[in-house]
Each structure stands twice: as structure tokens, then as C-alpha cells.
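To start, the structure itself, in C-alpha cells.
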Amino acid sequence: MKVLVITVAGSSTRFSRSIGKDCLKCIYTEGGVKDTLLYRLLSMNDKYDRYIIVGGHRYDELVSFVNGLSEFRERISMVRNERYADYGSGYSLLLGLEEAMRYDPDEITFEEGDLALSKSDLDKVFESDKDVITYNLRTIRSDESVVFYFDSEDRPKYIYDTNHELLEIREPFRSVYNSGQVWKFRDMGRLKGIIEGIDEKGKRDTNLIFINTYFNLLSSRDVELIPLRIWVNCNTVSDYRRATGGSHE
């Protein structure tokens, strides 16, 4: 079974500020249901056996929206993150992975829920028979990018500044990339061990605690690096409008 985990639990402060009112970013629309970020992600990932959606902020509103998606509803499992306001994004991913494991998956793909992507790129992730790391083609900026690099031992490592200020790589590296924030895990035994080993500090960390722990055991030869040619991280309504202004096929 192939499972997709999408996390949309955060309060989307920057997005809400950009439109002047509190909202749930993943279901915000200026053109109907099919122009929401969540619907677009689901429709572009239409081959998965099971979808796990982790919500938190305005959760009841999210559930009501998902219940109206008749073409996907039977394949969707909803998970509520009660600690979305005080725990890190790692806790949302933990809850999503725990739920995914209930379906005895062969592989799990994880996507952050505020992205606008292309179906053709996501099909490559789905079809890959390896662990997958994605990257986008945008300029790396310390105030917005999640960065990964391959160190001197050819192991991937991720860095991100939650304060959106500066990034620093304190060791020699072979290459550096702007993360596409989509990953595929294929070793369920390794992933289960990471899930079971997460401590209270890890629950309060970002989702990179899982990504680094899983992928740092691999080298570039063990993973498939897939570029995401179309990639918009919708932090503001301007990003949303740019993302939904044309076809993403």
C-alpha cells in the first residue's frame, strides 16, 4: 500500500495577515473548491491508496471541507493535532506517520500542505522505487528556504532557520539544494524505529527531526533526487494567486 501524508495543522499567521483575517490556508479559495491548495494536492496525487491529513487550526472547518470531497473521501483518514499551537511541525508529522503505519504501508510519501506543485513531478515521486528527496529550482534564501546539503561523507543533512534570518553550514559539503519539501520513505522498519524513538524534545521540534534522522543514514547513491520544476510555497495570498493563476500540469 502507498500512503500519502499531508500536514496542514499550522495557524498560517503570515497568510492570514496577508488577507486581513484568520483563515485556514489549505482550503482558502478565490475560485472554488478546485482552486484550494488541499484539493490541488490531492488531485495531483490521485494514485495513492490512502491519504492521511493532519489538521489542527480550525480543524472542524477542515473536516467539513474534506467531507465534501466525494472523489477522495473514502481514501482519506483525518488526524487531529491538539498541540499544533505549542508543539513544532515534527509533532504533526509524527501523528501522520503513526496513523499511516496502521495501514501496513509499503512506502509513505510526505508533503507539506502549503505547496503548489505539478502533477508530472509528483508522478515521478510516486513511481520511484527508491527513497526520494526533492528539491526546487528557486534561489536559496535564508529567510524562506529549507536547505539540504551532502556532507563530506555524502550524507544528506537539512538546515532551516525558524526565525527566517541566516543559515550556516559549519562543515565541508559536496553540494547544496533548496528543498522541495516532499519526501518518500521506503524502509518501514527504519521509519518505525524513528517514530518509536522520538522523545518529548523531538515532538516540539520541526519535522526535519524525522527527515534528518531517516535520510542521514543514506548516501546520494541510495536515494533518488527529483527536481520539482513548478514549486510555490504559499506563505501569503500573493503566493497563492501566483500558484493558482495558471495550469500546473
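The values are calculated or read from the model by the stated rules, or taken from the named source; none is laboratory data. Here the structure is a predicted model, which is why all the values come from computation and not from measurement. We place every Cβ from the backbone using ideal geometry, glycine too, and count neighbours over all the protein chains shown.
Please enumerate the residues belonging to the range 127-159 that are of a type in the set (S, T, N, Q) and either more than 20 Å from residue 218 (Cα to Cα) or crowded, with 19+ Cβ neighbours inside 10 Å (or both).
134, 136, 139, 142, 145
Which ones in the range 49-86 are of a type in the set (A, V, I, L, M, F, W, C) and closer than 13 Å to residue 27 by Cα?
Looking only at the range 49-86, we keep the residues that are of a type in the set (A, V, I, L, M, F, W, C), and these are 52-54, 62-63, 65-66, 69, 72, 76, 78-79, 85.
Result: 53, 62, 63, 65, 66, 69.
Taking the options 226, 194, 211, 198, name whichever one is of a type outside the set (Asp, Glu), in contact with a Phe, Trp or Tyr (Cβ under 9 Å, 6 or more places away or on another chain) and free of Cβ contacts under 8 Å to residues at least 24 places away in the same chain.
Working: 226 fails: free of Cβ contacts under 8 Å to residues at least 24 places away in the same chain; 211 fails: free of Cβ contacts under 8 Å to residues at least 24 places away in the same chain; 198 fails: free of Cβ contacts under 8 Å to residues at least 24 places away in the same chain.
The unique qualifying residue is 194.
Can residue 54 be described as among the hydrophobic types (A, V, I, L, M, F, W, C), within 19 Å of the chain's Cα centre (by Cα) and closer than 20 Å to residue 235 by Cβ?
On the way: among the hydrophobic types (A, V, I, L, M, F, W, C): yes; within 19 Å of the chain's Cα centre (by Cα): yes; closer than 20 Å to residue 235 by Cβ: yes.
Considered against the rule, which asks whether it is among the hydrophobic types (A, V, I, L, M, F, W, C), within 19 Å of the chain's Cα centre (by Cα) and closer than 20 Å to residue 235 by Cβ, residue 54 comes out as yes.
Among the residues of the range 6-26, are any among the basic types (Lys, Arg), under 29 Å from residue 161 (Cβ atoms) and in a loop (DSSP other than H, G, I, E, B)?
yes
Give me a count of the residues in the range 211-239 that are in contact with a strand residue (DSSP E or B) (Cβ under 8 Å, 6 or more places away or on another chain), part of a helix (DSSP H, G or I) and of a type outside the set (A, V, I, L, M).
Going through the range 211-239 one residue at a time, the tally reaches 4.
Return only the number of the condition from (1) in a loop (DSSP other than H, G, I, E, B); (2) in contact with a Phe, Trp or Tyr (Cβ under 9 Å, 6 or more places away or on another chain) that residue 170 does not satisfy.
(2)
In this structure, does residue 111 turn out to be part of a loop (DSSP other than H, G, I, E, B) and in contact (Cβ under 8 Å) with a residue 60 or more places away in the chain? Give the derivation first.
On the way: part of a loop (DSSP other than H, G, I, E, B): no; in contact (Cβ under 8 Å) with a residue 60 or more places away in the chain: yes.
So residue 111 does not fit the description; no.
Can you find even one residue in the range 188-205 that is of a type in the set (D, E, K, R), closer than 24 Å to residue 104 by Cβ, at pLDDT 95 or above and buried (at least 18 other Cβ atoms within 10 Å of the Cβ)?
Looking for residues that are of a type in the set (D, E, K, R), closer than 24 Å to residue 104 by Cβ, at pLDDT 95 or above and buried (at least 18 other Cβ atoms within 10 Å of the Cβ), one finds none in the range 188-205, hence no.
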